[in-house]
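Novice: Before anything else, here's the structure in question.
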Amino acid sequence: MLESLRINNFAIIEELFLDFKEGMTVLTGETGAGKSIIIDAVGLLAGGRGSTEFVRFGSKKCVLEGEFSFRPSAELMALFSEHEIEHEANTLLVQREIFTSGRTVCRINGSIVTIAVLKEIGSHLIDIHGQNEHQELMVTEYHSHLLDYFGPKELLKLKKEYQDVFHDFKQLTRERDQWVFNEQELAQRLDILRYQVDEIEAAQLHPNEEEELLEEEKKLANHQAIVEALSSSYAALQGEEYSGLDSVGQAMEKMAAVENIDESFKQISESLSTAFFQLQEAASDIYSELDGLEYDEERLNEIETRLNFIQQLKRKYGNSVEAILDHFEKSDKELKSLENREEQVDGLSKKIKTAQTQARKLAEELSAIRKETAVELENSIQEQLKELYMEKVKFQVAFKGPEAAGADEPVLTEQGIDKIEFFVSTNPGEPLKALSKVASGGELSRMMLAMKTIFSQSQGITSIIFDEVDTGVSGRVAQAIADKIYSVAKHSQVLCITHLPQVAAMADQHLYIKKTTDDERTQTSVERLMENDRVEEIARMLSGDELTQLTKETASELLKLAGKKKERVKKK
């Protein structure tokens, strides 16, 4: 449910904080006071389409923040895991900022998410239903989902089992399709792979070869400079005319003679001794290097030729010897697989046939349970429509299998073999029509409400918002709508904008929205109405601005009757 809502610089709202309760909350107030603006804010937190026009004039951005509690579901948990969203104590803090520049920033529990992710998660938290906004009930593709959630637990379990097998079937099919070449394409691909494999294999490359060759080339190319440096260094240390080592040795002997006189002399003596032996070792290493030096111009030419060849291979197959060898392994593996293509295709075809047979069996079982469930759903919705004084309206769950289009047998899809769509007939004698094609405002609102009453028990959506779904009705129909909305609130939190006193009287929480002008700026504020204030507001809804004692008494009586009805509903 929506626990709280904070709005800052949004439309005509400068700053507003609301906390909500379980059950049914109504929002009432004069037209234009900002009731729908509050619902728009909630809709944006659920991933609705934003606009720079929402930013309050004179501000750089608007900020929306909503705290939600939710009932864990497998789908919701999967979304959190997929998008790496932390969630504790089954609560979410959803934030959205819209800048005048057009930039939008969305966060869920502090993690930045895209609008698409916000919308995906928001669909599990909030369902906004207005007279002209039907959301998933008007989306044909969603009807099978609604039917499945209405059905028994074994239906959803079977659906999950079917979809697992179906995904395996599709994956195997994709793998097989990758093996299916026409003969010309296959011949061309085999020629390319054989050429590449033969060329790299003939090169006899080994890891780190290029680095080793470059190092050897560097030594050969700088042979003269290396000889000169080593010779000069050796002469300085152990030359015939002058020996640096002899000089250091003499200093070492002199200091050794006096090292016992003072501690500092001893340290100097030890340092000279260490230096002498290190220099002696260095002189030996230099001599060894000089002795082993040999200039081979032919070897230098071989190295340069080999490096040029490796460079050509790198231009074809990768930016390093390791990358070339990796390309070789992949190409060799593909070559061997293509040479055994028929065996691969035959093996995959057998697996596909097995998976398809299993998937079709599960799909047929799923379809059978769905058809039983559809009868129960039709009866349940028919009963709801009757309670809304729409007993002449007919509702039907239609199954339109792909075989109707001329296929030999139903095509397997993500949802099974059934294409499910809700049909209605609003008047006796009229044919059933697709629900998505029905456009009568008042009747459609009541049909939506009837369906919400049924589906709110199974969908798991934590908050349902009704935005003036009661427009154009009065009398007993208005009271029926009020009762129906309250029954929805038994299973999900309900926020409802209404102009009907009957609906307002059924509320567990009544918020009054008003518009004021301060320093020539329009602002919206919200007041939580207590019992006496509710009587006056409902009286105003009954008669307009002029309140009389009679309208107040009528309002009070309406609240008392609503209280009794609510008690009866709670006891059911």
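To keep it simple, each residue is scored yes or no on (1) under 16 Å from residue 432 (Cβ atoms); (2) at pLDDT 90 or above; (3) of a type in the set (Lys, Arg).
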| site | (1), (2), (3) |
| --- | --- |
| 378 | yes, yes, no |
| 385 | yes, no, no |
| 392 | yes, no, yes |
| 397 | yes, yes, no |
| 405 | no, no, no |
| 408 | no, no, no |
| 411 | no, no, no |
| 416 | no, yes, no |
| 420 | yes, yes, no |
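Novice: Return the pairs, sorted by first residue and then second, in which the second residue is part of a helix (DSSP H, G or I), the first residue lies in the stretch 238-264 and is over 14 Å from residue 275 (Cβ atoms), the beta carbons are less than 6 Å apart, and the residues are 6+ apart or on different chains.
Specialist: Close Cβ pairs satisfying both conditions: 238/245; 238/283; 258/265; 259/265; 259/266; 259/269.
Novice: Here is a list: 185, 175, 216. Which entry is part of a helix (DSSP H, G or I) and closer than 26 Å to residue 311 by Cβ?
Specialist: 216
Novice: To continue, here is another question. Quick one: is residue 35 over 16 Å from the mean Cα position of the chain (by Cα), farther than 30 Å from residue 504 by Cβ, crowded, with 19+ Cβ neighbours inside 10 Å and of a type in the set (D, E, K, R)?
Specialist: no
Novice: Residues 156, 230: which one is touching a residue at least 24 places away in the same chain (Cβ under 8 Å) and aliphatic (A, V, I, L, M)? Step through it out loud before you land on a result.
Specialist: Working: 156 fails: touching a residue at least 24 places away in the same chain (Cβ under 8 Å).
Criteria check complete, one pass: 230.
Novice: Okay, next question. Of the numbered conditions (1) in contact (Cβ under 8 Å) with a residue 60 or more places away in the chain; (2) among the charged types (D, E, K, R); (3) surrounded by 11 or more Cβ atoms within 10 Å (Cβ to Cβ), residue 170 satisfies every one except a single condition; which is it?
Specialist: Of the numbered conditions (1) in contact (Cβ under 8 Å) with a residue 60 or more places away in the chain; (2) among the charged types (D, E, K, R); (3) surrounded by 11 or more Cβ atoms within 10 Å (Cβ to Cβ), the odd one out for residue 170 is (1).
Novice: Out of 190, 205, report the one residue that is buried (at least 16 other Cβ atoms within 10 Å of the Cβ) and not in a helix (DSSP H, G or I).
Specialist: Result: 205 is the single residue among 190, 205 that is buried (at least 16 other Cβ atoms within 10 Å of the Cβ) and not in a helix (DSSP H, G or I).
Novice: Report, by residue number, each residue of the stretch 494-529 that is of a type in the set (A, V, I, L, M, F, W, C) and either free of Cβ contacts under 8 Å to residues at least 24 places away in the same chain or not in a loop (DSSP other than H, G, I, E, B) (or both).
Specialist: 494, 495, 496, 497, 503, 504, 505, 511, 513, 526, 529
Novice: So which pairs qualify, if the first residue must be in the stretch 417-438 and without any contact (Cβ under 8 Å) to a residue 40 or more places away in the chain and within 19 Å of residue 379 (Cβ to Cβ), the second must be assigned to a strand (DSSP E or B) and of a type in the set (D, E, K, R), the Cβ gap must be under 6 Å, and the two must be at least 6 apart or on different chains?
Specialist: 425/394
Novice: Looking at (1) under 28 Å from the mean Cα position of the chain (by Cα); (2) at pLDDT below 75; (3) over 17 Å from residue 144 (Cβ atoms), which one does residue 458 not meet, given that it meets all the others?
Specialist: (3)
Novice: So which strands (runs of 3 or more DSSP E) stay within the stretch 1-118 end to end and still have 3 or more residues that are out of contact with any Cys (no Cβ under 9 Å at 6 or more places or on another chain), at pLDDT 90 or above and among the β-branched types (Val, Ile, Thr)?
Specialist: Numbers: elements: 2-10, 13-19, 24-28, 61-69, 91-99, 104-108, 111-113.
Hits in the stretch 1-118: 104-108.
Novice: In addition: Would you say residue 358 is over 17 Å from residue 155 (Cβ atoms), touching a helix residue (DSSP H, G or I) at 6+ places or on another chain (Cβ under 6 Å) and buried (at least 16 other Cβ atoms within 10 Å of the Cβ)?
Specialist: Taking the combined requirement at face value, the residue satisfies it.
Conditions (1) touching a Ser or Thr at 6+ places or on another chain (Cβ under 6 Å); (2) in contact (Cβ under 8 Å) with a residue 60 or more places away in the chain; (3) under 16 Å from residue 497 (Cβ atoms), marked per residue:
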position: 19; (1), (2), (3): yes, no, no
position: 26; (1), (2), (3): yes, yes, yes
position: 47; (1), (2), (3): no, yes, no
position: 79; (1), (2), (3): no, no, no
position: 82; (1), (2), (3): no, no, no
position: 94; (1), (2), (3): no, no, no
position: 97; (1), (2), (3): no, no, no
position: 102; (1), (2), (3): yes, no, no
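Yes/no matrix, rows are residues, columns are (1) over 18 Å from residue 474 (Cβ atoms); (2) assigned to a helix (DSSP H, G or I):
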| site | (1), (2) |
| --- | --- |
| 532 | yes, yes |
| 535 | yes, yes |
| 538 | no, yes |
| 542 | no, yes |
| 547 | yes, no |
| 552 | yes, yes |
| 555 | no, yes |
| 560 | yes, yes |
| 564 | yes, yes |
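Novice: Hey, among the residues in the stretch 286-301 that are assigned to a helix (DSSP H, G or I) and loosely packed, with under 12 Cβ neighbours inside 10 Å, which one's nearest to the chain's Cα centre (by Cα)?
Specialist: Our first condition is that a residue be assigned to a helix (DSSP H, G or I); within the stretch 286-301, this holds for 286-292, 297-301.
Narrowing further to those that are loosely packed, with under 12 Cβ neighbours inside 10 Å: 288, 291-292, 297-298, 301.
Details: 288: 66, 291: 68, 292: 65, 297: 63, 298: 63, 301: 58 Å.
Looking at residues that are assigned to a helix (DSSP H, G or I) and loosely packed, with under 12 Cβ neighbours inside 10 Å, I get 301.
The values are calculated or read from the model by the stated rules, or taken from the named source; none is laboratory data. Since the structure is predicted, the reported quantities are computational estimates derived from the model, not experimental observations. Reconstructed Cβ throughout: ideal geometry from the backbone, glycine too, with neighbour counts over all protein chains shown.
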